[in-house]
Each structure stands twice: as C-alpha cells, then as structure tokens.
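The values are calculated or read from the model by the stated rules, or taken from the named source; none is laboratory data. Predicted model only: the values in this text are computed from it and were never measured. With ideal geometry, Cβ positions are generated from the backbone for all residues, glycine too; neighbour counts draw on all protein chains shown. We work out accessible area using only protein heavy atoms, side chains counted, and drop any ligands, DNA or RNA first. Shrake-Rupley method; radii C 1.70, N 1.55, O 1.52, S 1.80 Å.
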Amino acid sequence: MKRLVNIFKYILFLGIGVFLFYLAMLGVIRGPQLVESPSVRFEMGSGHSDCDNGLSGLRVSAADKALRGTPYQVTDTLGNVILSGAFVNEAMDEKEYVSECLSPGHYNFVLPEPPEGEYSFAIQGVDLTDQLINDMKRASIPGIALSFLFGYLAIVSRGIRWQYLLEPLGYKPKTINAVNSVAFAYFANTFVPRSGELARCAALNQSDDIPVDKLFGTVISERVVDMVMLVIFMSVALISNLDAFQTLLDLSIGGGEEVNEEDSNLLVTIGLVAMGVVVALGFMFRRSIMASKLYGKVKGFLGGVGDGLKSVLKMKRRGAFIFHTFFIWGMYFGMAYVIYMSIDATSHMTVTQSLFVMVAGGFGMILPAPGGIGSYHWTVKLGFIALGMSGALGFAVANVMWLTQTVMIVVTGGIGYLLLMWGNIRKERQANAAE
C-alpha cells in the first residue's frame, strides 16, 4: 500500500512539474512581447486563439493613453500592408488594444505616426519560439563549462564537509567515497525526489562500513546549516530587490498576471487578520496544543535543529567546515551567474539581481517534481518578469541552467555510482581472498 502511495505521489508531482513547464512554455509560444519602438518583427504560430479557418489571434495592448487613436499597420516581410487601423479603447479593462486574426507566418507591426515621448505596448499571441532558441544558443560554451564545473565543485566540497561531521563520531571515510556518495545522492534526487539523503547514506555505508543511523544524523546537521545559509541568501535577495520581490509574489498569486495595488493591499490585510486569528486561537487552546502529538513532533524537530547546530560548533575543524559551507553556496551562485554573464541579453544583470533569480529558482525546487522540471522553469521566468525583463528570456535561461546542471548531475552521479560499485566489488574480493 505504501509503495502505491509513493508511486501516486511521484506521478502527481511529475504531472504538476510538466504542467508548470507547459505554462512557462505557453508564455513563449503565445507572447506577450513588450515593445518600446515604433516597429517590431513578430511571428504568428497556429492555434493561438479561437480565430476561424486556421487563423491565429493577434492582440496588441497598451495601458499608455498616449497611444489612443495612434494608427498602426501590419505588413508582411516584403513591406506590403496586410492590415491597418488605430488603437481603440476597451471600456472593460481601459486598455488601448488591437485585435486581429492572421495566418501563421512572419509579420511587422508598425506605428507610421508614433506618439511623442516614451510609450510601450505588448504583443500577445505571437510565437517567440525562434527567440527562445536564439537566446539559448547565445549562451557561450565557456560559460556552460564553468557552470558545469562550479556545480561539481559544490558536490566535491559537500563531500569533504561531510567528513568533518563524521570525524567527531570516530569515522574517517575515504574522500573519494564521500564525494561519490554525494554525487549519487543528487543523481537519485533527479529521478526520485527526496531520495538522495537516504541513497548517499546507504552508499557510504556499503563503501566504508559506517552505520546508516550515524550517517543520517550528520545529514540532518547539514540540512540545518544549509537552511541557515538559505535564509541568509533570501534575506540579501529580499532587501536588495524589494520591489521585484513584491512583484514576484503578485505574479505567483495572480497565476502569472500582476495583482493590482488594491488587491495586493487586500491580500496583505487578509493575511494579517488570519495571522492574528491563528495567534489568538493558539493562545486560547495552548494546553491542548502542547499535549498533542503534532506539538511533540515540532518540538522534537526544533530540538534536532538545535542539536545539529551544536554539533557544528563543537567539531574540531569548525573553521574548515564553515569555509566549505560558504564555498558550496558560492558555487551555487556562481554556476548561475556565469550563465547570465555568458548571454548578451543578461550580461548587464547585477550581482543582487542574479541572486534574486537564484532564490526565485530555489523556490521552484521546493516542489518535489523530478529534477525540479517545470517548477524551476516557472519560478525563474517569474523572477525575470519581476525584474522587468522578458519572460521568454527567463525561460530560455532556465532551460540552459536546468539542462547544464541536469547533465552534470547525471554524468557525475552515474560515474560516482559506478566507482562506488567497483570499490565494493574490490572490497568483497579482498575479503574473500583473506579468508
């Protein structure tokens, strides 16, 4: 029965991840594309709306009232005018918009008499697949190679750091076995979420004869330290990108659409009221809560967190452990940052903006979808939009990052597993020969 439940959970989260990937991809094949110039070249795919006879729907919207009444033209690649008209006002949403049906193909949207000053409009329903592919191709090979290397260095450093936690317990596993066990853990997590912790403990148990319960205890201590580092990174990203963080929350709540200020204030008010009610109820029923099993589990978990931090403070090689902790998280940031710097369209991103996108992607990895597929792409895309950048560009960068790190994990984890197996076979042969 438990196996069936696990299979159901796996299929469920895989389905959610694939659905989120589809939603992120949908924004690419259907726009929107933000434009701040009097002309833009675009491509219409097929089946993007309810237009009849195989036509696709083009919608150009702009909240800027300066565009009201501005004439527009849709031309083909030879410059022939296919459609013409003017921006009109839709009373329902108070946006200047254009709505047309076009055959699949390449076109130009032109403002023959653009208004003075700054303006912008969004083209929706367009196919940005070519732009997606071009953005992905712009990632340089050296940048991808560095990201691959930084990702593996984090694994190596994590394996070495694990040894420091085992030393006070009287165990000294081989460095190569510890590193390969961590690499195998990432490999296992890619296919079966949340299985890596147990997988690496079992692997090191087989190679170095260390009890699994002792190994698992050190893994919990590692998770406590990593949680502290995650809070630090999140805090820096939040403080340095407050506006973008608010936008990211609005996009997440609005399903990809920004929530207006009134709705945002209402949500904050509801949240504060709900927190007040929870605190009041908790105070009223505090004795019943303290006697419940759930309270005991939470108290035990927090106690374990405290014990994990204490074990770190008591270890002999505390300085080396702290160094590797910061090195690991530095590599996590570096493997994303080098990708951003290797693409022209993202090379202008600041360190804090890169950190913000990294944290946004980290939120996506919370969902236990295999390898973070879909959820990672979705949150990175929202992170780019929150920073005022193209969602299609964010999706392209997410693809490059995800593919690079997935290949790194599969390659290094697969090799690590084979090396561990070979080491175990040699150990068994030596044991049999000694007998």
**Asked** Which trypsin sites (Lys or Arg not before Pro) from the stretch 171-200 combine a DSSP loop assignment with at most 16 other Cβ atoms within 10 Å?
**Response** Lys174, Arg194
**Asked** In terms of modelled amide H atoms, which long-range or inter-chain residues lie less than 5 Å from the amide H of Leu58?
**Response** Glu100, Cys101, Leu102
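Probe of 1.4 angstrom, ligands and nucleic acids ignored: what's the accessible area per residue over the stretch 80-189, in square angstrom? Kindly include the intermediate steps, with their values, before the conclusion.
Values: 5350 Å² over 110 residues.
Per-residue value: 49 Å².
Given a Förster radius of 45 Å and the C-beta distance between Phe216 and Val18 as r, what FRET efficiency does 1/(1 + (r/R0)^6) yield to the nearest 0.05?
Numbers: r = 31 Å, r/R0 = 0.70.
Working from the Cβ atoms, E equals 0.90.
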**Request:** Could you please state how large a percent of the accessible area of the stretch 322-408 is carbon and sulfur, counting protein chains only and using a 1.4 Å probe?
**Result:** 77 percent
**Asked** Taking the Cα centre of each part, how many Å lie between the stretch 106-135 and the stretch 381-406?
**Response** 20 Å
**Asked** What do you reckon, how do His377, His106, His324, His348 stack up by accessible area (1.4 Å probe), largest on top?
**Response** His348, His106, His324, His377
**Asked** How much of the accessible area of the stretch 167-207, probe 1.4 Å, is carbon plus sulfur, in whole percent?
**Response** 62 percent
**Complete:** Here the stretch 215-231 yields Karplus 3J(HN,Hα) values (6.51, -1.76, 1.60; θ = phi - 60°; whole Hz; Gly and Pro given as x) of 4, 5, x, 5, 5, 4, 4, 4, 5, 4, 5, 5, 5, 4, 5, 4, 4
**Request:** Name the long-range amide H neighbours of Leu128: under 5 Å, sequence gap of 5 or more, or other chain; modelled H, no Pro or chain starts.
**Result:** Ile29, Arg30, Gly31
**Prompt:** Between Arg429 and Leu153, what length in nm is gained on full extension when 0.36 nm per residue of separation is reduced by their alpha carbon distance?
**Reply:** 96.2 nm
